[in-house]
Structures are given as C-alpha cells and as structure tokens.
There are 4 protein chains.
Amino acid sequence: MNCKNNEELANLVEEARVYTKYGKLVDYIPALSRENKSDLSISIYNLNGEFFYAGDYLKKFTLQSISKVITLALVLMDKGESEVFSKVGMEPTGDPFNSIAKLESNRLNKPLNPMINAGALAVTNMIPGRNVEEKWNKLIHFVAELTNDNEVSCNQRVEKSEFETAFLNRALCYFMKQHKVIDGDVEELLSLYTKQCSIEMNCRDLARIGAVFANDGCDLETGKCIITKDIARVCKTFMVTCGMYNSSGEFAMKVGIPAKSGVSGGIMGAIPQKCGIGIFGPSLDQTGNSIAGLKLLEIMSKRYSWSIF
Amino acid sequence: MNCKNNEELANLVEEARVYTKYGKLVDYIPALSRENKSDLSISIYNLNGEFFYAGDYLKKFTLQSISKVITLALVLMDKGESEVFSKVGMEPTGDPFNSIAKLESNRLNKPLNPMINAGALAVTNMIPGRNVEEKWNKLIHFVAELTNDNEVSCNQRVEKSEFETAFLNRALCYFMKQHKVIDGDVEELLSLYTKQCSIEMNCRDLARIGAVFANDGCDLETGKCIITKDIARVCKTFMVTCGMYNSSGEFAMKVGIPAKSGVSGGIMGAIPQKCGIGIFGPSLDQTGNSIAGLKLLEIMSKRYSWSIF
Amino acid sequence: MNCKNNEELANLVEEARVYTKYGKLVDYIPALSRENKSDLSISIYNLNGEFFYAGDYLKKFTLQSISKVITLALVLMDKGESEVFSKVGMEPTGDPFNSIAKLESNRLNKPLNPMINAGALAVTNMIPGRNVEEKWNKLIHFVAELTNDNEVSCNQRVEKSEFETAFLNRALCYFMKQHKVIDGDVEELLSLYTKQCSIEMNCRDLARIGAVFANDGCDLETGKCIITKDIARVCKTFMVTCGMYNSSGEFAMKVGIPAKSGVSGGIMGAIPQKCGIGIFGPSLDQTGNSIAGLKLLEIMSKRYSWSIF
Amino acid sequence: MNCKNNEELANLVEEARVYTKYGKLVDYIPALSRENKSDLSISIYNLNGEFFYAGDYLKKFTLQSISKVITLALVLMDKGESEVFSKVGMEPTGDPFNSIAKLESNRLNKPLNPMINAGALAVTNMIPGRNVEEKWNKLIHFVAELTNDNEVSCNQRVEKSEFETAFLNRALCYFMKQHKVIDGDVEELLSLYTKQCSIEMNCRDLARIGAVFANDGCDLETGKCIITKDIARVCKTFMVTCGMYNSSGEFAMKVGIPAKSGVSGGIMGAIPQKCGIGIFGPSLDQTGNSIAGLKLLEIMSKRYSWSIF
C-alpha cells in the first residue's frame, strides 16, 4: 500500500512537523546553521510513475552524508566489490560516524563500513580519475544521470565552509594515510569529499535517486539501468544496517526501509519495488538525523506497512 | 522463487559441504567440541505448506545464541517494547558478541542490543516468573508452542558443561548487576540462560520456528498467532542488523535475509512471507557462524533471489 | 628536613582540614559511608626513631587499596619477580582503578599493574596456601610482623558489606579466569581479597609499615629485615607510578613521594631513608583519594622538600 | 656511589653492547634507518664536575622525543604550571605514545600527559613567538643555553624526512584542533615540532642538559639557574612516570631514575643531586627505547644504587 494523493501527504507532514521543535540545526558547519528550523518537505516517486509531494519540495539543500551511498555505487561500478571491500569493511558499528578510536583498535586499521566518515573517505579516494577535477566530473556526471538533471552542482558557499572546518576528517585521513588505507594527497581528497558533500538538490531529485535504487538500479522514465541490480542491492543493504548514523538499529526497527540521512536534514529512502523518497527537514535529533523526517517515515511506515522485515 | 524438491536441495548441500573443511568446531564449550565436522543439513518450510530437507535433518543440536531471538519474542510479548528497550539498546555493534568494553565506555552502561551476550542476558532476566523453575517452564512452554512439539527440552550434558565454564557471561552479569541493568541473583540468571542455550531440537523444528516468524507470528498449521505481527517484525529486524555475530553486515550484503546463528552450528532463517529455514553444520568460521551453512544460504539466496533488499 | 614537633604538625593538619568539606565519603561500600567527614589525622615515624602525630591517630580504619602494596610485597617475597610479573604488568594506566576495558583490548589480557583492582586480585591469587584460611593466616601474620602488633585483624562488618556488593571485582575475576590470568575458585579469591581490604589499623600502625618500606624493608625497632631491599624498592616504585589511583601523575608532580591510598581515606607514605607516614581522612576527592590527606602531604612536601625528584 | 673512571665505564658499555643485536633500527623515519645498529656510547657529568665517557661520545644524533622535556621546561618557564596543565594532563597512560583513541574517549579531549605525542604537540604549540621562526629561535636559544653550545642546530635532512611522513602527528593535531586543545595553523605547528625533534647533538651535550635538571635547573660551570628548581622537579617527575614510552613502569622498577628516550636511540638521564647522563644506541626495543642503552642503565643502577626509590 502507498500514499494516494498530495492532500493525504500534506496532512502527514503537518502531523510530523510539530517534532521539528524538539531538534536543533547542525552547529559545526557554519553555512548549514542558518536554515529554517521548522521546514519539512517530502517527495515520493512510486515505481508505477506516480509522483507525490508536500511542503516546499523544490527548496535546495546539500546531500552531506547521503552522498556516501552515491559514491559507493559509483566506485563499486568502477572497481568491483572485491577491490572496494579490501579497503573498507561491511560491518555496522555502535560508534559515532566521526569516531577514530575503532580505526586504531581494529587490527586491520580498516574503516568498519562505507557509511561512517572514515569509510566514506576511503571510498571517495577510489573514484576514478587522474586528479580532483576528473574525479569530480565523473561523480557529478553520475549524479546528473541519477537525477536526470544536468544542472546539478555543488553549493560553493557550503563547500568552502566545510573545507575550512573539516579538522576531524583531516585527522581521519592522515590516520588512514599512515596505515596505507588511502594514498595520494590528503588535501586533494578532502577537497573532493567536501565537494561531494556539498552537492545540492531538492526533494524531488532526491526521491528520483531513491527510485533508481528501489527499481534495481534502473531509471523509471528512460528505463536505462544506471547501476547494476547487485550493486543497487548492496547499497540498500548498507542503508539498512548503517544508513542512519547511530540510530540505524532503531530506525530499522521502527521504520524498516533502506534510507540514508545527512546532517543537512535530508533523507533519501529506497523501498525495494515500491518507491523512492526525498525528505528535507533541517532540525536534527541527537544522532544527526532529521527529527521530523524520521517521525514522518515512522508514521508512513506504520500506515502503509512499508517495513521490509 | 524457491526450492522445488529435495533432490535440488541435496545438490546444493553437497556443493556447500566442501566448505566444512575450512572451519572448526567450537572449542570453548567442551560438550560441543565432539560433533562431526563435516555434518550439514537443512530443512525448509514454505509458507504454502511445502516442506523440504537435505542431510540428517532429524539430528538434534542445541540452540545456543539462536535462543536469543526466542526469549526476545517471549519477553516483548510479556513486557512490551518500552520496558524491554529501557534495559537493552537497538543498535548493531562492531564488537564481538562477548565483548565487555562497550558496556564500560557507553555512558548508559546498557548493552547495545539483545543479540550480543550482555543484551541477551538482560532479556532473559526479564522472563516472567518468581523463580528459575517458573521462568524456565514459561520459556520451554513457549518453545513447545513454536515447534508444536511438547517433548522439546534442554540437553543436560551441554547445560552442565556450559554452566561450569561460563566465566565471561558471569563477568558480563556482575558488571551489569553493578550498573543496575540487571537485578536478582546472578547464578540463578546464569542457570536459566544456560538452560535456554541448551534447548535441543532438529532442523525441522528450527525451520518451523523460522516459519512462524516469516508468517508474521502465526503457526502455519494451526493458524494460531503465537507472536504479534509487530514483535515478529522487531525480531526479524534484529536478525538482519545483528543476527550473525560480527559478520552480520557481510551476511546482510551477501544473503540478505533475517537469520540467527548459534555456536552449535545452527542457523534459523525467516524470509518474510516466504519460508522458515533450519540449518545444522557445526564447522564454524572465525566469527562463530556455521561456515558451510553460510555458504549454503549464500548459494540459495543468489539462486532464488531471496535478499529482502 | 622534617617535622619537628606535634604542635607544628597539628597546625598543618588544621590548615589541611578545611579541604575535607570539598570531598565526600565513599558511597559504594555501605559500611564505609558512615564515617565523620571532617576527620583528619596523621602519624609520622622518622627513621631516626622520632614519632609525631596529630588528630585522632588511634582511630581505626580499613586498609582497602593500601593492602595492595602489602600483598605485593608478600607475594614477591614468596614467588619472586619473574613469576609475579608473568601474571601482572608493570605499567601505569590512565584508566580508572576498576576498569575492565583494558583487560579486553590488551593483547595479553594481563592486568596492567598490581595497583589497579584487576592486578591486585591477580596478586592476591598468588598468596601461598592450600585454602583461604591458610592464605589469610599467611597474610595477617605478615601484617602483624610489619606493624609489630599481633592483634591486627579485619573488620568483619566492612568485610561482609564489601563482599556482598563486590560486583565489579567479581566481573574482573571471571574475566581473568576466562583468560587464565587466575585459576581456582573465584568466590574464594573474592573472600580472601575482601578480608585483605578490610584489615583494620590506626595511623600509627600504618606509619610503621610505611617506615619499613622507607627503611629498605627493615623494622626500625627490632632491626629485622621483613622485606628484602629490592622488593621494598619495587613496592615504592609502584607507589609512585600508580599508587594514587587516577591522579598518581599529579601526586608525583605535586608531592613526589611513594604513597598508596585507599577509599577508606587512608594513605600510607614511605619516603626513602626519611620516614613512614600514616594518614586517615575519609572525605574523598573524585579519584578516590583522601582530599585533605593529599593537601596535607602537598603542604608538607613543599615545606620539608620531600619530593624525591 | 658513582662511576669512577673511563675504563670502568668502557667495560660496562661492552657488556651492554651485546644487546644491540636483539633490537632494530627505527623504520618509520627513513633518515634514521641508516644508523650503525651496534653503536653504543655514553657520557656522564657528575655534579662535582667530573666527566666520564665511553664509546664515540662525540657522534651526533637527533633528540626526537627527548626534546619533549626541553620544550616542557621552556613553556613552563614562560606560561606557568596552571596555563600549561589546562591544555595537557599529568597522568601516565598504558597506551602507545602515538595513540589517538584516548583523546576521543577522555571526556576532556585533553592529552593525558606531555610525554606522549599529542601532549608534546600541545606543549610545543605554547612556545612563545609570533611565528614559527620566532618560536624556533626561542627554543634553539634555550637549547644553546642548556648545552652551553651556540652552534647547536637541527638536522635538516632528518627534519625534511620526518615532516613529510608525519601522518599520525597530523592526525593528532587536527583532532586536537577540532576540540580546541590547539589553535593556529597545523602545518606551522608540525614544522616547528619536526624542527624540535631534529635538534642534533652528541652524548656529551645531552649529559650536560641532564646535569642541569639533576642540579635543580642550574648550570654546573656558570652556576646560572636556567630553569627554576620547581620546574626542573616537574620535568624529572614526568621523566619517571612517563619518560620511557610504554615501558616507563618497567624502567622505573628496574632502573629507577628520571630519564627520557627518543627513537633516534638517545636517552637523557638526570639523577637528582648526582649526575646527568647522555646515551646513544640506535638499536631499539619494541617500545621504541634504545635496547642496549636501557641495559646499560640497568647494570649501572644496580652497581651504583641509583634508584631514587
């Protein structure tokens, strides 16, 4: 079962919007701290072609950690599973997304999975290309294909703000460089990673990417298979086991769908064989997820029996 | 799609059996170290009533960690989610199942989830009853209902062997007792927990329990709903995020079904709306899972497109 | 230089006593939580035979962690350094005295040093004797020799209270039993360890033991060498590097003498070639040391240039 | 008691030199990996003015971690204890010198002590001056005063080699920058820290610096007090509690003198009121200390009763 019309969706959004007041805007990335805390919007692409939305679904926001799934798909397409997973693990972790301690105690010094920052940096480091520009072009072209929007780009103000304050990511990179998880120039990698996090789009575009994953890697309109079915499945698996930061387990229990969040307040959902979802709600809970976005998904999952379990 | 006949299943078992030689029998529970390393058997209950098997599917083995899912269901039925999850978390962890370090560093001193030993002990501590005997009767009656077998019982030789060597579990219990995660007598709790781990059945019974979870909590034959749909879903969620010890993430990626393993070499699978699975293969990999059992599930998941992702 | 008369000492004690109000009584051992928070007393045995005191120096208190140095001396005398240090390390640690995490991450699973609980339990486990009674007799006889007081004994009320609530120590023991750092019966070991912690004496007796360590192991009055010079030196070394719980480093910097504290509020000092010190002040700081006792030692160390550095 | 003549010293050096074969040269700083593994030399300045030596005591080597004590003294002279210890702790740690995990788990995110890399970087960051050049001039002038040698300088080949491969130190710096333990430009700090580690001198110079610390901060020849008595004491205290990397506890027990080692194979000793010691022996043990240098000090400490405990 699924959402039937925009009115129904608008009602659910209003029900969830009251939770925005219990969260707060991200504080460690200056350029993101100026959003409107009570914002909440959603877009849904059903695989049968229907499109629903509620709230200001054309407002742009940056992907932040949501981009981790996209680069993972790109790099898996290019290098294959065995090379990628020689550099990054597959296991969920109870530690925060920016933790460094496990890198030290883990005998392999390998990041536990591609959804924590250390793992995502190792994945971005594998994007093909001879320099940052080539790699960036490869990535943004891939995003343009997924969204069917050649205008998609990165928000330079956010990019600059993040690059200058990315001290923890620098620490993670240099640690991994010491242990040969990554090679090459750290500042170049950080530059690329920050651009990736600053890719900007609206809920509709995000729902469209979600729909590609939900549809086994193929575009709904063109029918073109941008990602293989196996890699789409791998990405959805990581979205379930570690897509929602430190509350991935709770989210799996309460909502039960593949989803990935970012500290901008975005959430991309991909319900296998059903629909793609894009949400934007910048008021965050303590683990860094959109507080009202989570609530909205919880309400909808109960109502529409979305859980895959 | 699913398995069609016993011949097909027997061929897949033979293909997987060769992997038994790369694993080893559990060494820290003396009574379990005398199994036949090359054993591998499987039973499948399809929700349409079909039953398939291969190997010695009537050979009995003890549940060990598989019992964690069963007590979780029992305790959730009795206490409800909010009480249970005030004592144990919902998040997967990158640490081993018997680790104690996270209990100390976690500011709540609460076990991360009910599938690691610390969490399972906290769950068993909530089984209703005024003493060990009452609690045990409650549990074994529940298992009898799930298997539709009133003869089901615990293996006293294994129970005795485990109880005497359960030093790490004692350490976990006393640590949690200090931090008020559990109350009551530790030796009594360990006695109950060891009995629970020593519950003995064969692959057919185990597949039957898996089928109840797969069938939203209801018995295939009698139609009786033993577990609510919501609690069946919660249990399946934990089986995906943390059911296969430290390789739960890899299992989710390669197989993608709710499953729970035990160091006896048993695996219970529960594919939503499809089937229940019982496997026995005592040769274990490094993380404590049946090495050939995993391989068999991997082969079947690819062949029958079982992944829920 | 050193203290000259009781009046001078009484003045210093009054100066330090005001700090008792900033601390608090130990709360996790019920029998110790009923002391008088403003108590502060001291005894000093100079190696030239002079004896000074201030405050109620005859009031009895239990040794608690101070006993760790005494059992270390006893066991080193009996087993020798190489056997003892095969079971317990020599390195200070930044972790709390009752921490278990390092036991897990340390590849040897060996306690870091004999002054943390895990290490002290491993040392007590090496006291010679066929059963708890023989071991206890060995230990209390040794303490009687050090204090020259055959009446010294343990406080049974404190012993009982501690034994019943020693959950963390039980956790440490079972963890070490699993990893073969200790063998034998855990409850017996805990019984012996709790008795050891509950040995009761006054400041004068404690100063006398300190004087034996300060005097290279020999009794001031009888001249008998109870401990070898080498072992006395080893014990004083541990008192400096890890004698004052998690503020051992700060204490070395601010006071700079071998000393060992207990959560009863006792402190034993042993200034090489100078004097033995016994202090009792049950108001504790956050790390578990007598708050006014530390202050008193700091004042005296500055005034009399006691630091060995 | 102390060494009487060069012949005696030469014999002890030969006795210790055989241990050089059990160690190995440092491997992670390319420029240091080309030393002669069997080298071992020593210089001793007695506070009465006597000077003894054995081996090639004029051969130059870089200070590496030995420099940590010198910058600590300089910064304590300039800022005072309370400012310095608001940025870095005083407690020994059981973790390796380059560990980052404790920075994360420690609630204050403050390095545990000034002898581990994180703490030393925080100390170097406090050297007074408006830019790297001014800070460096301040430091090298201080070293020139301590050695009474205006020619002392840094080895630019080593400096360059270390700067380029200082990935772990970069990780530590960026982590501390995130948590506001340090401010300013990380690359500038690393440049200064690497210069400091690359300061080059011979055993005689090093023994001279040791003698200043042993002599309460005052130069033996000129009588000038370069460091206050209190700060000299603080430095010697840290040399005992955490001067010898992860075997500081063992060194305190077996040798028992204030000493600081570097991965170049240098060791500076400072026996209060007795003598300063400079040792060079580039073959290292597993914890990063000169393997034969340690043995030489152990032999001498036993022979001359050097232990301060």
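The values are calculated or read from the model by the stated rules, or taken from the named source; none is laboratory data. The shown structure was predicted, so the numbers you read here are calculated from the model rather than taken from an experiment. Note that each Cβ is placed from the backbone with ideal geometry, even for glycine, and that neighbours are counted across all protein chains shown. Only protein heavy atoms, including side chains, enter the accessible area calculation; ligands, DNA and RNA are left aside. Shrake-Rupley method; radii C 1.70, N 1.55, O 1.52, S 1.80 Å.
With a Förster radius of 45 Å applied to the C-beta separation of D:Q286 and C:S305, the computed FRET efficiency comes to 0.75. The mean sequence distance of close C-alpha pairs (under 8 Å, at least 6 residues apart), as a share of the length of the range A:65-197, puts its relative contact order at 28 percent.
If you run the Gaussian network model on chain B, springs between alpha carbon atoms under 10 Å, then out of B:R208, B:R34, B:R170 the most flexible one is B:R34. Note on C:223-233: average number of Cβ atoms from other chains within 10 Å of each residue's Cβ is 1. Largest GNM mean-square fluctuation among B:E145, B:E35, B:E221, using chain B with Cα springs under 10 Å: B:E221.
The charge dipole of the range B:126-205, taken about its Cα centre with unit charges on the Cβ of Lys, Arg, Asp and Glu (plus for the first two, minus for the last two), comes to roughly 280 debye. A point 7 Å from Cα along Cα→Cβ stands in for C:K138, and the other copies hold the same point at 4.6, 5.8, 6.8 nm, listed in rising order. Accessible surface calculations at 1.4 Å, restricted to protein heavy atoms, place the range D:116-201 at 40 Å² per residue. Relative to the current alpha-carbon distance between D:R34 and D:N11, full extension at 0.36 nm per residue lengthens the span by 5.6 nm. Here A:K138 and A:E164 are evaluated by their C-beta separation; at R0 = 22 Å the FRET efficiency comes out at 0.30. Taking every alpha-carbon pair under 8 Å whose residues sit at least 6 apart, the range A:249-301 reaches a relative contact order of 31 percent.
Where both partners of a DSSP beta bridge lie in chain D, what percent of those bridges are antiparallel, to the nearest 5? Let's see the in-between values first.
Values: 26 of 26 bridges.
For chain D, the DSSP antiparallel bridge percentage is about 100.
Other chains near C:170-181: what is the mean number of their Cβ atoms within 10 Å of each residue's Cβ?
6
With the charge dipole of the range C:1-97 set up from +1 on Lys and Arg Cβ and -1 on Asp and Glu Cβ about the Cα centre, the Cα lying farthest toward the positive end among the listed residues C:T71, C:N36, C:V13 is that of C:N36.
Rounded, prolate or oblate: pick one for the range B:65-174, where a ≥ b ≥ c are the square roots of the eigenvalues of its C-alpha gyration tensor, a/c under 1.5 means rounded, and failing that, prolate if a/b is larger than b/c, else oblate. Write out the running numbers ahead of the final one.
On the way: a/c = 2.03, a/b = 1.38, b/c = 1.48.
Oblate shape, in that a/c is at least 1.5 and b/c is the bigger or equal ratio.
Spatial offset of the range C:81-95 relative to the range B:152-222 amounts to 37 Å, using the alpha carbon center of each.
If one computes the Cα centroid of the range D:226-305 and of the range A:243-273, what distance in Å separates the two points? The range D:226-305 and the range A:243-273 have Cα centres spaced 54 Å from each other.
What are the semi-axes of the equivalent ellipsoid of the protein assembly as shown, taken as the square roots of 5 times the eigenvalues of the Cα gyration tensor, listed largest first and rounded to whole Å?
Working: eigenvalues 657, 304, 145 Å².
Here the semi-axes work out to 57, 39, 27 Å.
For the residues C:F167, B:F175, a 1.4 Å probe over the protein chains yields an accessible-area ranking, largest first, of C:F167, B:F175.
Between the listed residues D:F163, D:G256, D:M300, the Cα displaced farthest toward the positive end of the dipole of chain D, a dipole computed from Cβ unit charges relative to the Cα centre, is found at D:G256. Here the relative contact order of chain D, from alpha carbon pairs under 8 Å that lie six or more residues apart, stands at 27 percent.
Overall dimensions of chain A, expressed as equivalent-ellipsoid semi-axes from the Cα gyration tensor (√(5λ), whole Å, largest first), are 29, 21, 19. Look at the dipole of the range C:197-309 built from charges on Cβ: of C:C203, C:G265, C:T237, the Cα furthest out on the positive end belongs to C:T237.
Which net charge results for the neighbourhood of B:K4, defined as the other residues with beta-carbon distances under 14 angstrom from its beta-carbon, given Lys and Arg at +1 and Asp and Glu at -1?
Numbers: positive: B:K274, B:R303; negative: B:E7, B:E8, B:E50.
With Lys, Arg at +1 and Asp, Glu at -1, the net is -1.
Once fully extended, how much extra length lies between A:V18 and A:N109, figured as 0.36 nm per residue of separation less the alpha-carbon to alpha-carbon distance? Can you show the working numbers first?
Numbers: separation 91, 0.36 × 91 = 32.76 nm, distance 4.28 nm.
Using 0.36 nm per residue and subtracting the Cα-Cα distance, I get 28.5 nm.
Apolar share of the accessible surface for chain B: 47 percent from carbon plus sulfur atoms, 1.4 Å probe.
Per the accessible-area calculation with a 1.4 Å probe, the total area buried between chain B and chain A rounds to 2500 Å².
Pairs over the 31 Å Cα-Cα cut-off, from the set D:K87/D:K229; A:K180/D:K24; C:K138/C:K229; A:K236/B:K60; B:K180/C:K24: A:K236/B:K60. Residue by residue along C:300-307, Cβ atoms of other protein chains within 10 Å of the local Cβ number 1 on average. Distances between equivalent label points of A:D230 across the copies, with each point positioned 7 Å along Cα→Cβ, amount to 4.0, 6.5, 7.0 nm, shortest listed first.
Rounded to the nearest 20 debye, the dipole size of chain C about its Cα centre is 500 debye, using +1 on the Cβ of Lys and Arg and -1 on the Cβ of Asp and Glu. Using a cut-off of 29 Å between Cα atoms, the listed pairs B:K177/C:K79; B:K177/C:K160; B:K37/B:K254 include B:K177/C:K79 as exceeding that distance.
The GNM of chain C, with springs linking C-alpha atoms under 10 angstrom apart, assigns the highest mean-square fluctuation among C:Y22, C:Y53, C:Y45 to C:Y22.
What separates the C:N150 label point from its copies, with the point 7 Å along Cα to Cβ, is 7.2, 7.6, 10.4 nm, written shortest first.
Taking the Cα centre of the protein assembly as shown as origin and assigning +1 to Lys and Arg Cβ atoms and -1 to Asp and Glu Cβ atoms, the resulting dipole is close to 0 debye.
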